[in-house]
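J.: Here it is: the structure, laid out below.
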Protein chains: 2
Amino acid sequence: MPASTLIAFEARKTPVQERAAATVQAIFEATIQVLLSHGADRLTTTRVAERAGVSVGTLYQYYPNKQALLFAAFDKHMEEVCARIEIVCDGACRKPLGEMIAQVVEAYVDAKVGRADISVALYHVAAEVGGPAVIKRTTQRLRKALEAMLETAPNLKVPPDKFAVEVMLAAISGAMRSALEAGASPAMMRKLREHLVLLCQSYMAAVTAAQA
Amino acid sequence: MPASTLIAFEARKTPVQERAAATVQAIFEATIQVLLSHGADRLTTTRVAERAGVSVGTLYQYYPNKQALLFAAFDKHMEEVCARIEIVCDGACRKPLGEMIAQVVEAYVDAKVGRADISVALYHVAAEVGGPAVIKRTTQRLRKALEAMLETAPNLKVPPDKFAVEVMLAAISGAMRSALEAGASPAMMRKLREHLVLLCQSYMAAVTAAQA
DNA sequence: ACCTGAACACCGTTCAAGT
DNA sequence: ACCTGAACACCGTTCAAGT
């Protein structure tokens, strides 16, 4: 996506002194706290500033607007999920295709379920906050990690193409979103985890068979 | 979901005279028009009222709040998608499993792509408007239609269970959301349509094999 | 360089008054 | 029964003044 899509959410000013860096961090954490305690609708810039122990004016010195606050929280969450999956991809090189897929899917589900409350809160604000752009970027990054892993799969002449990997990622995240927003129980989540593994494995098998 | 989740979005008052019914309809249509022309962020109750040719007060006589306006639009859209798929399910009875799946997936993709602009606009407001509840209800309704169809599949001792059908629906809608929000081209959409058919077919095949 | 908070603009919602 | 629009409350954002 064009840089301009994101620039409106970027920090307005970079802190140069230490107390300023602490302020920025405090505001960031306050955002997540207010998001979780009051919910997205009742998240107010004044309330966040209050919680962070600064005035609204200070908040606006570092975040250009309310969206930027939530964007930062969303971006960080996606970054964490990404990082976990990249590690798994690294560790699953040269294993059989089915196991690769299982590990990635399980890592994704676990990362989301482990942060279920934040995930749900962020789904709620994603749209107003440039969520699609972040998701697009995240998808590209995950696709690359998956492709690097899939390259090393034994018994696989041609690895699945870009498109198939993206479809798989969208299917996983869509199903997870649905379950998390519906407030699925831990038992449900375990079952969903198994089913998503099966779904992705059979899709990947079908795609690679079709390509051969 | 509990009725109370939805009740806040229901009409405050039912029109009894004809001009009132016309007013309600005008407000509903104005909502969609403003949504498409100005975007979700710049949709204002005053603007909707203006476009509908009434005053804000009148708007609030029939819709309890801004969310209710958007809820109505979202609900109607889902209703249309549902209806189209139910018809397809009806027509695909007794056909082979693979074809059933293909027809349903294609109907879903076509319904969404045919209304791409509205879909994207509604994704943007879904969260603030009780979207998850509507989606949950829609999923139940579609699941029933799919189950009725799957019952009639030849060469299938045990049809896929509830859970698998719901996972499949969530995967489809998640992948479509991702593509629509990313502004995928018509060519991309055609390719995605084929891939989703393959994904769902192979998942259903795997699930029914595992159950046997 | 960083912080404050009163002031401004805008928008969702209401309600007394009209037909 | 239905409609109007000025008035109110609240919230995002700014900016002149402070340390």
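J.: Would you say B:Q61 is within 16 Å of DNA strand D (Cβ to nearest atom) and in contact with a Gly (Cβ under 8 Å, 6 or more places away or on another chain)? Give the derivation first.
T.: Details: within 16 Å of DNA strand D (Cβ to nearest atom): yes; in contact with a Gly (Cβ under 8 Å, 6 or more places away or on another chain): no.
For B:Q61, the condition - within 16 Å of DNA strand D (Cβ to nearest atom) and in contact with a Gly (Cβ under 8 Å, 6 or more places away or on another chain) - is not met.
J.: Still on this model: Looking at segment A:55-74, is at least one residue among the aliphatic types (A, V, I, L, M), within 29 Å of A:S185 (Cβ to Cβ) and in contact with a His (Cβ under 9 Å, 6 or more places away or on another chain)?
T.: Among the residues of segment A:55-74, not one is among the aliphatic types (A, V, I, L, M), within 29 Å of A:S185 (Cβ to Cβ) and in contact with a His (Cβ under 9 Å, 6 or more places away or on another chain), which makes the answer no.
J.: Still on this structure, please answer the following. Assigned to a loop (DSSP other than H, G, I, E, B), touching a helix residue (DSSP H, G or I) at 6+ places or on another chain (Cβ under 7 Å) and of a type in the set (V, I, T): is that true of B:V54 in this structure?
T.: yes
J.: It is to be established whether one or more residues within segment B:132-155 are within 12 Å of chain A (Cβ to nearest Cβ), among the hydrophobic types (A, V, I, L, M, F, W, C) and within 16 Å of DNA strand D (Cβ to nearest atom).
T.: Looking for residues that are within 12 Å of chain A (Cβ to nearest Cβ), among the hydrophobic types (A, V, I, L, M, F, W, C) and within 16 Å of DNA strand D (Cβ to nearest atom), one finds none in segment B:132-155, hence no.
J.: So how many residues does segment A:39-51 have that are within 13 Å of DNA strand C (Cβ to nearest atom), part of a helix (DSSP H, G or I) and not polar (S, T, N, Q)?
T.: 4
For every residue, the table says whether it meets (1) more than 15 Å from DNA strand C (Cβ to nearest atom); (2) within 22 Å of the chain's Cα centre (by Cα); (3) within 19 Å of B:A127 (Cβ to Cβ); (4) not hydroxyl-bearing (S, T, Y).
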{"position": "A:F28", "(1), (2), (3), (4)": "no, yes, no, yes"}
{"position": "A:L35", "(1), (2), (3), (4)": "yes, yes, yes, yes"}
{"position": "A:S55", "(1), (2), (3), (4)": "no, no, no, no"}
{"position": "A:T58", "(1), (2), (3), (4)": "no, no, no, no"}
{"position": "A:C93", "(1), (2), (3), (4)": "yes, no, no, yes"}
{"position": "A:L97", "(1), (2), (3), (4)": "yes, no, no, yes"}
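J.: Which ones in segment A:180-195 are at the interface with chain B (Cβ under 7 Å from one of its Cβ atoms) and in a helix (DSSP H, G or I)?
T.: Matches in segment A:180-195: A:E181, A:K191, A:L192, A:H195.
J.: Of the residues in segment A:148-179, how many are of a type in the set (D, E) and part of a loop (DSSP other than H, G, I, E, B)?
T.: Of the residues in that region, 1 qualify.
J.: While we're looking at this one, here's another question. Please indicate, with yes or no, whether at least one residue in segment A:14-23 is in a loop (DSSP other than H, G, I, E, B) and closer than 30 Å to A:L198 by Cβ.
T.: Looking for residues that are in a loop (DSSP other than H, G, I, E, B) and closer than 30 Å to A:L198 by Cβ, one finds none in segment A:14-23, hence no.
J.: If I go through segment A:159-178 residue by residue, how many of them are more than 7 Å from chain B (Cβ to nearest Cβ) and either in contact with a strand residue (DSSP E or B) (Cβ under 7 Å, 6 or more places away or on another chain) or within 19 Å of B:S173 (Cβ to Cβ) (or both)?
T.: Total meeting the criteria: 5.
J.: What do you reckon, is B:A164 surrounded by 15 or more Cβ atoms within 10 Å (Cβ to Cβ), touching a His at 6+ places or on another chain (Cβ under 9 Å) and more than 30 Å from B:T23 (Cβ to Cβ)?
T.: yes
J.: When you check A:A83 against the structure, is it more than 16 Å from DNA strand C (Cβ to nearest atom) and of a type in the set (G, A, S), yes or no?
T.: Yes: the conditions hold for A:A83.
J.: Can you confirm whether segment A:62-78 contains a residue that is acidic (D, E), in a helix (DSSP H, G or I) and away from DNA strand C (no atom under 16 Å from the Cβ)?
T.: yes
J.: Filter segment A:40-54 down to the residues that are away from every other protein chain (no Cβ under 14 Å) and either more than 11 Å from DNA strand D (Cβ to nearest atom) or surrounded by 15 or more Cβ atoms within 10 Å (Cβ to Cβ) (or both) and list them by number.
T.: Those that are away from every other protein chain (no Cβ under 14 Å) and either more than 11 Å from DNA strand D (Cβ to nearest atom) or surrounded by 15 or more Cβ atoms within 10 Å (Cβ to Cβ) (or both): A:T45, A:R47, A:V48, A:A49, A:E50, A:R51, A:A52, A:G53, A:V54.
J.: Now, a different point. Any residue that is touching a Pro at 6+ places or on another chain (Cβ under 6 Å) and either modelled with pLDDT under 95 or not charged (D, E, K, R) (or both) - is there at least one of those in segment A:96-107?
T.: So far as segment A:96-107 goes, no, none of its residues is touching a Pro at 6+ places or on another chain (Cβ under 6 Å) and either modelled with pLDDT under 95 or not charged (D, E, K, R) (or both).
J.: Hey, can you tell me all the residues within segment B:196-206 that are among the aliphatic types (A, V, I, L, M) and within 8 Å of chain A (Cβ to nearest Cβ)?
T.: Filtering segment B:196-206 down to residues among the aliphatic types (A, V, I, L, M) leaves B:196-199, B:204-206.
Residues satisfying the conditions are B:L196, B:L198, B:L199, B:A205, B:A206.
J.: Next question. Of all residues in segment A:108-134, how many are in contact with a Phe, Trp or Tyr (Cβ under 9 Å, 6 or more places away or on another chain) and within 19 Å of A:I85 (Cα to Cα)?
T.: Of the residues in that region, 1 qualify.
J.: Could you go through segment B:71-82 and let me know if any residue there is within 16 Å of DNA strand D (Cβ to nearest atom), within 19 Å of B:R115 (Cα to Cα) and within 14 Å of chain A (Cβ to nearest Cβ).
T.: For segment B:71-82, residues within 16 Å of DNA strand D (Cβ to nearest atom), within 19 Å of B:R115 (Cα to Cα) and within 14 Å of chain A (Cβ to nearest Cβ): absent.
J.: Being surrounded by 18 or more Cβ atoms within 10 Å (Cβ to Cβ) and either of a type outside the set (D, E) or more than 10 Å from every other protein chain (Cβ to nearest Cβ) (or both) is true for just one of A:A210, A:A116, A:A111. Which residue is that?
T.: Exactly one of A:A210, A:A116, A:A111 is surrounded by 18 or more Cβ atoms within 10 Å (Cβ to Cβ) and either of a type outside the set (D, E) or more than 10 Å from every other protein chain (Cβ to nearest Cβ) (or both), namely A:A111.
The values are calculated or read from the model by the stated rules, or taken from the named source; none is laboratory data. A quick note: this is a predicted structure, and the numbers were derived from the prediction, not measured. Note that we place each Cβ from the backbone using ideal geometry, even for glycine, and neighbour counts take in every protein chain shown.
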